[in-house]
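Contents: one structure, followed by commentary.
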Amino acid sequence: MTSIRRRDALKYAAGISASIASPLGLAQGTSPIRIGVSLPLGGPMSNIGQDLLLGNELAVSQINRDGGLLGRKVELVIRDDKASSTQAVANVREFTGNGINLISGNATSPSVLAVIPALEEANAVQVTPIVISMAITHEKFSRHLFRANANDFMQMGAYARLAADLYPNVTRWTCLNVDVEASHQSWELFKKLATRSYNAINKQVTFDEAILSKFGATDFKNQVAAAMRSDADGVLSLVYGQGAVTMFQQGAALGLQKKFKATLDRGNDPTFARALAAFLPQEYWMSAGWHPEIYRNRPQSVAFEKEATARLGGRAPSGFNFLGHLSMTALTSAVRSAKSTDTAAVIQAMETMPVASAIGPLRFRKEDHQILGDMNFLQVAGADTPDRYKITKFKNYTGAELIEPASPGRPFVL
């Protein structure tokens with residue numbers, strides 16, 4: 001996203017009045033229904049945050065164009081959470097203190113885990129679009145929070161299957177990882193689930209130690225050097241946002257893009273491919289919450305693509321755009337179904353109704369509020385196109401074949 005998009009978002013947020021006197025969840029005549037959006041709009045995750053924000057804005061634009069929600073206009077109150085748990089909690093408290101009980105956002109697992117007590121205390125409900133921590137739908141489960149993306153087990157299970165399905169002879173893997181708890185869990189899950197997937201095809205697979213970097217790092221020379229020394233023939237990259245772009249750009253001079261026989265990337269989608277272009281690794285796969293080619297036969301997806309492309313000035317929308325759109329669609333659909341903005345009514349609606357998403361009806365599992373969405377993969381390469389990349393292949397796994405048993409309130413055990 002451009003700096004203009006960020007300035008527009010922050011200008012819009014600053015222009016929202018802070019004097020909202022109504023109690024949580026209660027309508028005030030024909031005044032707008034205000035929904036809080038808390039995302040990282042600056043810093044190392046700003047590209048992801050801006051894409052998620054645009055998806056939220058698209059959903060609200062469609063609603064308002066079609067007559068609003070419960071006969072009222074929907075208005076977003078946008079705040080930058082800076083990918084910080086402290087700021088994320090402050091944003092929730094600002095929203096709820098101003099009478100806003102419907103919230104979309106946060107893009108890191110620590111931020112979402114931190115806001116749960118504030119949501120419960122203020123009787124608010126939030127849909128989060130991209131966090132992965134298993135704790136969110138297990139030991140830290142709260143009825144006040146819903147997850148609109150595949151969780152860590154689902155994602156790593158899909159990556160493990162992709163590795164064994166497409167690269168059965170790539171049997172030694174390493175990991176480019178961020179030194180945070182959620183990413184460590186991802187690597188451990190991948191190792192266990194990839195072992196299962198390779199065993200299923202009568203192959204043995206081994207794993208090297210992960211190559212770690214700090215969150216927000218801008219210098220990856222040591223990590224690139226360690227990757228170039230590795231004897232692994234496959235790499236799982238868990239570095240995300242601007243850090244991933246910087247890492248592969250810095251590694252290009254040493255040949256990082258040609259080092260591994262397979263590179264599986266979790267945390268980036270075509271926004272990353274546009275930024276990296278000619279520096280994209282060979283045999284490179286990324287996940288995408290949505291892509292038009294996968295859902296070409298679904299009218300809802302075609303309509304979403306058309307509107308999002310127009311909003312982006314002709315540029316193709318991303319999976320993060322879709323996930324932002326999905327989180328806002330889930331909230332607003334529940335309000336419409338409940339015929340109320342009351343928190344309890346909205347929660348009950350989301351637990352029981354299908355969400356009319358841009359790829360068709362999706363459901364949250366009532367027991368733990370985990371959505372049953374797809375895992376999509378795109379193989380991409382640099383190209384002389386307006387987007388600077390091309391998609392060479394894609395593969396899809398359904399949520400129903402990936403999801404773990406529900407155990408809300410209890411730790412996840414593999």
Task: Residues that are assigned to a strand (DSSP E or B), at pLDDT below 95 and farther than 13 Å from A288 by Cα, drawn from segment 363-407 - done: A381, G382, Y389, K390, T392
Open item on the list: If I filter segment 52-60 for residues that are at pLDDT below 95 and not β-branched (V, I, T), do I get at least one hit?
Closed with: no
Task: Selection status of T206, over 24 Å from A275 (Cβ atoms), open to solvent by 40 Å² or more (accessible area, probe 1.4 Å) and either touching a strand residue (DSSP E or B) at 6+ places or on another chain (Cβ under 6 Å) or free of Cβ contacts under 8 Å to residues at least 60 places away in the same chain (or both) - done: yes
Open item on the list: So A310 passes all but one of these: (1) in a helix (DSSP H, G or I); (2) exposed (fewer than 15 other Cβ atoms within 10 Å of the Cβ); (3) touching a helix residue (DSSP H, G or I) at 6+ places or on another chain (Cβ under 9 Å). Which condition number does it fail?
Closed with: (3)
Open item on the list: Please go through (1) open to solvent by 50 Å² or more (accessible area, probe 1.4 Å); (2) at pLDDT 90 or above; (3) under 30 Å from L323 (Cα atoms); (4) touching a Phe, Trp or Tyr at 6+ places or on another chain (Cβ under 6 Å) for Q282 and return the number of the only condition it doesn't satisfy.
Closed with: (4)
TODO: Evaluate segment 330-341: report whether one residue or more is crowded, with 21+ Cβ neighbours inside 10 Å and either in contact with a His (Cβ under 7 Å, 6 or more places away or on another chain) or not in a helix (DSSP H, G or I) (or both).
DONE: yes
TODO: For segment 99-117, state whether one or more residues are of a type in the set (S, T, N, Q), within 16 Å of the chain's Cα centre (by Cα), buried (at least 18 other Cβ atoms within 10 Å of the Cβ) and at pLDDT below 95.
DONE: yes
- [ ] Would you please name the residue that is nearest to A83 (Cα to Cα), looking only at residues in segment 235-270 that are out of contact with any strand residue (DSSP E or B) (no Cβ under 8 Å at 6 or more places or on another chain) and surrounded by 24 or more Cβ atoms within 10 Å (Cβ to Cβ)?
- [x] G241
- [ ] Among the candidates K214, K221, single out the residue that is surrounded by fewer than 19 Cβ atoms within 10 Å (Cβ to Cβ), closer than 18 Å to T108 by Cβ and without any contact (Cβ under 8 Å) to a residue 40 or more places away in the chain.
- [x] K214
Open item on the list: I'd like the full set of residues that are assigned to a helix (DSSP H, G or I), within 24 Å of A310 (Cβ to Cβ) and among the acidic types (D, E), limited to segment 55-111.
Closed with: E57
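The values are calculated or read from the model by the stated rules, or taken from the named source; none is laboratory data. This is a predicted model, so every value here is computed, not measured. With ideal geometry, Cβ positions are generated from the backbone for all residues, glycine too; neighbour counts draw on all protein chains shown. Heads up: the accessible areas ignore ligands, DNA and RNA and are worked out on the full protein's heavy atoms, side chains in. Shrake-Rupley method; radii C 1.70, N 1.55, O 1.52, S 1.80 Å.
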